[in-house]
Amino acid sequence: MIHVSVAGCAADAADRLVPGLVADNVATRLDGGDATLWGENARAEASIRLGWVHAASHSHELVTEIEELRDEFRARGLNRIVLCGMGGSSLAPEVITQTAGVALVVLDSTHPEQVSRVVDTDLEETVVVISSKSGSTVETDSHKRAFELAFTSRGIDPVSRIVVVTDPNSPLDQSARETGYRVFNADPTVGGRYSALTAFGLVPSGLAGVDIGELLDDARDVEAGLLADSPANPALILGAAMAGTQPRRDKLGIVSAKSSIVGIGDWIEQLVAESTGKNETGVLPVVLEPRAIDLRAPDLLTVNIVDDATPTEIDSVTVAGPLGAQLLLWEIATVVAGRLLDINPFDQPDVESAKVATRTFLEGTPLPPVPFGVDGLSELSAVGYEPQATTAVDAVRELLDQCEPAGYVSVHGYADRDAGSHLESLRDVFAIASGGRPTTFGWGPRFLHSTGQYHKGGPRQGVFIQILQRPTVDREVPGRPFTFGELMGAQARGDATVLSQHDRPVLTLTVTGKDALVSLIARLRTLGKIS
């Protein structure tokens with residue numbers, strides 16, 4: 001049910017490295033929970049982070065409970081499921097529900113206009129899943145507060161509408177139980193980005209209507225083969241290809257246009273980038289759907305995700321299999337790649353540093369950065385380098401000129417996704433303008449919980465463009481001394497600050513309102529002509 005084929009440099013890496021992985025019994029040691037696989041420095045963390053390996057089997061006990069709750073909600077006419085979660089807590093349910101063709105509203109933004117659109121719509125039919133492993137995620141806590149107030153204002157008891165997914169004894173677990181919310185505890189030995197087959201992936205997906213039993217069965221069917229010390233083990237082959245090409249191809253281009261799995265590239269992106277991007281090494285996934293990026297770039301390895309096994313193109317990887325099987329495949333392959341890169345695939349030190357910087361700006365209420373220029377309705381500011389340009393287009397061109405031959409461009413959109421629906425298209429534009437360099441796009445603050453780790457902990461190769469859309473109408477965070485708009489601004493500024501501390505150049509283009517954002521996008525599109 002799972003197939004991985006490799007060609008060219010990917011095949012060379014597999015031929016060279018898989019025999020050693022088999023000889024070291026890597027797969028069966030992972031099966032047995034061996035925390036020494038990633039070296040002594042990672043041992044303490046790994047010893048409490050391997051519960052995901054057998055989640056496909058252990059999570060079956062949740063299926064009946066989730067389905068009974070789904071049926072209860074439906075009987076009450078509650079058919080709109082909203083998920084508030086960040087990183088792995090939202091990306092896994094998003095790909096699971098999209099692939100199954102069922103509706104799930106995901107709120108992982110702090111833009112006040114987007115928050116208002118989700119919170120103030122169809123409340124009479126809405127159930128909200130609040131999902132946070134730590135139980136202290138600032139975005140998710142803010143969303144929870146907004147929904148609680150909205151429900152109460154409509155005369156609806158939040159206890160009847162809010163479901164919580166969190167680790168046992170987290171602050172959220174304790175407060176939710178005191179309030180009387182329905183709580184699903186996740187396995188505390190599973191990190192967020194490896195949690196797709198745990199309560200974090202299953203509760204919102206199951207409540208939305210996915211056959212989560214089938215999803216788990218698909219993963220369980222391939223579990224034995226992926227945990228076998230065999231040269232044919234697809235996870236060992238994929239992990240070797242990801243981390244072992246010579247010379248290193250440290251950008252992983254993900255093409256899924258021929259797959260019925262919807263959005264898997266975004267899930268792979270956060271899993272691989274956050275797991276491997278540290279100690280100035282790693283693997284940077286680049287989602288190609290397809291994109292204008294030159295697929296012949298010497299540092300880019302292409303992975304084609306397809307429904308049926310097909311001939312593999314030179315210097316590439318082909319992966320085929322159902323979603324449940326692929327979730328487990330990619331998780332195992334990622335930790336195999338971590339072993340080959342000699343890093344700890346379970347920590348995320350630079351994600352934490354960005355959170356600290358955000359809190360500093362929220363608590364200190366410092367003055368906003370002084371723009372180095374104003375171009376029409378756009379303010380231009382920068383950290384980590386000294387810009388000379390005076391227009392938005394020239395400022396982007398100037399930053400792209402700093403991209404190294406082995407570098408990448410990363411675009412971060414802190415915007416209302418409806419208003420900025422064409423913002424993601426700038427990925428193609430900047431890829432062309434940078435001479436075909438791998439270019440990523442992330443919605444802020446979602447990417448901070450995923451690729452943000454790679455940006456700071458991975459190789460010093462990136463140049464970063466923030467596009468920040470200030471709201472025309474802000475929204476209070478109930479019980480907090482800041483608004484959603486202030487939170488979003490602090491997250492953008494905090495991330496830029498930490499990036500500059502790691503010697504990464506950051507250009508920020510700031511506008512206010514939808515019209516100014518649309519105008520900015522139109523001007524920036526002149527940088528590269530898409531055929």
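Tabulated values for the structure
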{"item": "Per-residue ³J(HN,Hα) for region 80-86, Karplus 6.51 cos²θ - 1.76 cosθ + 1.60, θ = phi - 60°, Hz, x for Gly and Pro", "result": "9, 9, 10, 10, 9, x, 10"}
{"item": "Burial ranking of peptide ranges 426-438, 173-185, 111-123 (average Cβ count within 10 Å, highest at the top)", "result": "426-438, 111-123, 173-185"}
{"item": "Cα gyration tensor category, rounded, prolate or oblate, for region 59-215 with a/c compared to 1.5", "result": "rounded"}
{"item": "Kirkwood estimate for the chain, i.e. one over the average of 1/r between Cα atoms, Å", "result": "23.4"}
{"item": "Point-to-point label distance, ALA232-GLN402, nm (Cα→Cβ direction, 7 Å offset)", "result": "5.2"}
{"item": "Residue among LEU78, LEU197, HIS143 farthest towards the positive dipole end of region 59-215, charges placed on Cβ", "result": "HIS143"}
{"item": "Charged-residue dipole, Cβ positions (Lys, Arg, Asp, Glu), the chain about Cα centre, Debye nearest 20", "result": "980"}
{"item": "Two-site FRET efficiency, LEU377 against ARG29, from Cβ-Cβ distance with R₀ of 60 Å, rounded to 0.05", "result": "0.55"}
{"item": "Filter on LYS278/LYS514; LYS144/LYS514; LYS258/LYS514; LYS144/LYS355; LYS251/LYS514 - keep pairs with C-alpha separation over 28 Å", "result": "LYS278/LYS514; LYS258/LYS514; LYS251/LYS514"}
{"item": "Estimated dipole of region 349-527 in Debye, rounded to 20 [Cβ of Lys and Arg +1, of Asp and Glu -1, Cα centre]", "result": "300"}
{"item": "Simple Cβ-charge dipole of region 368-442, Lys/Arg +1 and Asp/Glu -1, about Cα centre, in debye nearest 20", "result": "180"}
{"item": "Dipole of the chain, positive end: most advanced residue of ILE156, PHE464, PRO387 [Cβ charges, Cα centre]", "result": "PRO387"}
{"item": "Cα lying deepest toward the dipole's positive end in the chain, options LEU524, SER259, VAL63, charges on Cβ", "result": "LEU524"}
{"item": "Pair ARG460, ASP217: separation of 7 Å Cα→Cβ label points (nm)", "result": "5.3"}
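A short reminder: the numbers here are calculations on the coordinates, not readings from a lab. Please read all numbers here as calculations on a predicted model, not as lab measurements. Please note: Cβ atoms are built from the backbone with ideal geometry, for glycine as well, and neighbour counts cover all protein chains shown.
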